[in-house]
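S.K.: Got a structure for you, questions after.
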Amino acid sequence: MSARVFDSLVDQERIISALNNALTASDSSGQEMTHAWLFTGPPGSGRSNAAKSFAAALVCKSGGCGECTDCITALKGTHPDVEILDTSGVSIKIDEIRELVSRSAWGASISPWRVVVIEDCDRMTEAAANALLKALEEPASQTVWLLCAPTLQDVIPTIRSRCRHLNLKTPSASEIAKFLETTLGTSKSDSELAARISHGHIGKARGFLKDSNFQSSRRKYFDLLFSIKSEASAIKAAGKFLEFVNERVDTILGEKEERETEELKNALQGTGRGLISGGAKAIKDLEREQKSRLNRAIKDEIDGALLDYSTLLRDSLLEPSLRVNTDLNEQINQIAQNVKPNLVSLLLSELSQTRELLTTNASQTLLLERLFLSFTRMKLGN
Ligand SMILES: [Zn+2]
């Protein structure tokens, strides 16, 4: 029997059966529940979704029906026995972990377990990780810790050795397509296109179908690529590319940041005039966090667009039936007809080199200009 709440995990049969086994074993054979789990998997594979679903199954009276109040509130993090630490901040600090640890000792209130989900364990500061380690070494009998991180290497060895490790795989495009078709009711062909262009990232695939901004920005990035005809237009396109990246990131983060600052300022407002003591520092800290989150979002956005360029170029080397960007067949055919395969390969390696360099502190403008100048060799749009 599989808990219904795991239906939202795409192409993760092995994980689902491990979780189901743990649920049944602790239920019927009285076998002790593992108190610390570590879910790893590439971005978009659903690792925090897996952890949250498991949390729901642990507190649900029917073992994870996915429909009752326990399940629904557990998934949202509002269940009294489920706590979800998500990454609104860039790093997870020791104070946050200390508070979590002391709350975790309370025991469960209305369910057999008290479950704590930490979504991005890789963002714990060293001090925070050590505070967590203490709790994992002597777990409260009713508490289950569910930690998530991209890879095993992102978690310090002392913590990972205390956890049972489950690694989610990148879900296949065909499984993602099936999932989108059933959950969103989108057409087979739209679902398949979304699944292919999102490279195994379920959230992106859903975004492509549900969020028109997502589609128009993908279009915009490709239009910029196709606008490159000369050196002058390459430089111009690189500038516009970065401008658009910043606009996109602003729309995604801007509102959230304003709200955060507002909330923090309200919380720090003393009874008299001005901020309570330490308030100015807290605001500075938040600003620093926001700045580094902004930088990360910009890097992610650039990388996503360049990855799209790579798949488009690769498509030009493939049979139409094997292509990713089937909605751009006309442009892909144009590249296939006019650009020699060895130039395509060269540009693909330029692209991957640029993506690599963009993870460093090298100038984004210079890197993109150089890349876009190399695209002039394709003589697109002539
Ligand atoms: Zn339920």
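The values are calculated or read from the model by the stated rules, or taken from the named source; none is laboratory data. Keep in mind it's a predicted model, so treat the numbers as computed, not measured. In this analysis, Cβ positions are derived from the backbone assuming ideal geometry, glycine residues included, and neighbour counts consider all displayed protein chains.
S.K.: Just wondering, is there one or more residues in region 80-87 that are more than 25 Å from residue 154 (Cβ to Cβ), within 16 Å of the ligand (Cβ to nearest atom) and either assigned to a helix (DSSP H, G or I) or in the same structural domain as residue 19 (by TED's automatic domain parsing) (or both)? Talk me through it step by step, then tell me what you get.
M.R.: Taking region 80-87 as the starting set, the residues that turn out to be more than 25 Å from residue 154 (Cβ to Cβ) are 80-81.
From what's left, within 16 Å of the ligand (Cβ to nearest atom): 80-81.
With either assigned to a helix (DSSP H, G or I) or in the same structural domain as residue 19 (by TED's automatic domain parsing) (or both) added as a condition, the list becomes 80-81.
Yes, there is a match, as at least one residue in region 80-87 is more than 25 Å from residue 154 (Cβ to Cβ), within 16 Å of the ligand (Cβ to nearest atom) and either assigned to a helix (DSSP H, G or I) or in the same structural domain as residue 19 (by TED's automatic domain parsing) (or both).
S.K.: Continuing with the same structure: Suppose we filter region 363-382 for residues that are aliphatic (A, V, I, L, M) and free of Cβ contacts under 8 Å to residues at least 24 places away in the same chain; how many remain? Before you say what the answer is, go through the steps one by one.
M.R.: To start, the set of residues in region 363-382 that are aliphatic (A, V, I, L, M) comprises 366-368, 371, 373, 378, 380.
With the extra rule that they be free of Cβ contacts under 8 Å to residues at least 24 places away in the same chain, the set shrinks to 366-367.
Of the residues in region 363-382, 2 are aliphatic (A, V, I, L, M) and free of Cβ contacts under 8 Å to residues at least 24 places away in the same chain.
S.K.: Are any residues in region 256-271 part of a strand (DSSP E or B) and within 22 Å of the chain's Cα centre (by Cα), and if so, which ones?
M.R.: Step one: of region 256-271, the residues part of a strand (DSSP E or B) are 269.
The answer is none; no residue qualifies.
S.K.: Criterion first (of a type in the set (Asp, Glu), away from the ligand (no atom under 13 Å from the Cβ) and not in a helix (DSSP H, G or I)) does residue 11 satisfy it? I'd like the intermediate steps shown before the answer.
M.R.: On the way: of a type in the set (Asp, Glu): yes; away from the ligand (no atom under 13 Å from the Cβ): yes; not in a helix (DSSP H, G or I): yes.
In short, yes.
S.K.: Then there's this: Within region 314-325, identify whether any single residue is of a type in the set (Asp, Glu), within 22 Å of residue 204 (Cβ to Cβ) and loosely packed, with under 15 Cβ neighbours inside 10 Å, and answer yes or no. Don't jump to the end; show me each part of the working.
M.R.: At the first step, the residues of region 314-325 found to be of a type in the set (Asp, Glu) are 315, 319.
Now drop any that are not within 22 Å of residue 204 (Cβ to Cβ), which leaves 315.
Add one more test, that the residue is loosely packed, with under 15 Cβ neighbours inside 10 Å, and what stays is none.
The answer is no, given that none of the residues of region 314-325 is of a type in the set (Asp, Glu), within 22 Å of residue 204 (Cβ to Cβ) and loosely packed, with under 15 Cβ neighbours inside 10 Å.
S.K.: What residue, of 220, 240, is in contact (Cβ under 8 Å) with a residue 12 or more places away in the chain and in the same structural domain as residue 313 (by TED's automatic domain parsing)? Let's see the steps before the verdict.
M.R.: Working: 220 fails: in the same structural domain as residue 313 (by TED's automatic domain parsing).
Just one listed residue meets the conditions, 240.
S.K.: Looking only at residues in region 16-28 that are small (Gly, Ala, Ser) and at pLDDT below 95, which one is surrounded by the most Cβ atoms within 10 Å (Cβ to Cβ)?
M.R.: Of region 16-28, the ones small (Gly, Ala, Ser) are 17-18, 22, 25-26, 28.
Right, trim to at pLDDT below 95 and you get 22, 25-26, 28.
Values: 22: 20, 25: 14, 26: 17, 28: 8.
Here the answer is 22.
S.K.: Is it fair to say residue 303 is without any contact (Cβ under 8 Å) to a residue 60 or more places away in the chain and surrounded by 19 or more Cβ atoms within 10 Å (Cβ to Cβ)? If you could, list the steps in order and put the result at the bottom.
M.R.: Working: without any contact (Cβ under 8 Å) to a residue 60 or more places away in the chain: yes; surrounded by 19 or more Cβ atoms within 10 Å (Cβ to Cβ): no.
Against the criterion (without any contact (Cβ under 8 Å) to a residue 60 or more places away in the chain and surrounded by 19 or more Cβ atoms within 10 Å (Cβ to Cβ)), residue 303 does not qualify.
S.K.: Return yes when residue 279 is of a type outside the set (A, V, I, L, M), surrounded by 12 or more Cβ atoms within 10 Å (Cβ to Cβ) and modelled with pLDDT under 80 and no when it is not. It would help to see each step written out before you state the result.
M.R.: On the way: of a type outside the set (A, V, I, L, M): yes; surrounded by 12 or more Cβ atoms within 10 Å (Cβ to Cβ): yes; modelled with pLDDT under 80: yes.
For residue 279, the condition - of a type outside the set (A, V, I, L, M), surrounded by 12 or more Cβ atoms within 10 Å (Cβ to Cβ) and modelled with pLDDT under 80 - is met.
S.K.: Only helices (runs of 4 or more DSSP H) wholly contained in region 151-255 count here; list those with 3 or more residues that are of a type in the set (A, V, I, L, M, F, W, C). Walk me through it before giving the result.
M.R.: Details: elements: 157-160, 173-184, 188-197, 202-210, 212-226.
Correct list: 173-184, 188-197, 202-210, 212-226.
S.K.: Applying the selection to region 89-139, what residues are of a type in the set (Phe, Trp, Tyr) and either modelled with pLDDT of 85 or more or in contact with a strand residue (DSSP E or B) (Cβ under 6 Å, 6 or more places away or on another chain) (or both)?
M.R.: The first filter runs over region 89-139 and keeps only residues of a type in the set (Phe, Trp, Tyr), leaving 106, 113.
Of everything in region 89-139, just one residue is of a type in the set (Phe, Trp, Tyr) and either modelled with pLDDT of 85 or more or in contact with a strand residue (DSSP E or B) (Cβ under 6 Å, 6 or more places away or on another chain) (or both), namely 113.
S.K.: Could I ask something else about it? Test of understanding: among 144, 116, which residue is closer than 28 Å to residue 263 by Cβ, surrounded by 15 or more Cβ atoms within 10 Å (Cβ to Cβ) and aliphatic (A, V, I, L, M)? Write out each step before concluding.
M.R.: On the way: 144 fails: closer than 28 Å to residue 263 by Cβ.
Exactly one residue qualifies, and that residue is 116.
S.K.: Can you find, within region 150-168, the residue that is farthest from residue 41 (Cα to Cα) among those that are touching a Ser or Thr at 6+ places or on another chain (Cβ under 7 Å) and modelled with pLDDT under 95?
M.R.: 152
S.K.: Can you name every residue in region 29-74 that is hydroxyl-bearing (Ser, Thr, Tyr), at pLDDT below 95 and either farther than 22 Å from residue 121 by Cα or near the ligand (Cβ under 8 Å from one of its atoms) (or both)?
M.R.: Within region 29-74, 29, 62 meet the criteria.
S.K.: Cβ-Cβ distance below 7 Å, separation of 6 or more or different chains: which pairs start in region 68-87 with a residue that is at positive phi and end on one that is within 15 Å of the ligand (Cβ to nearest atom) and of a type in the set (Phe, Trp, Tyr)?
M.R.: none
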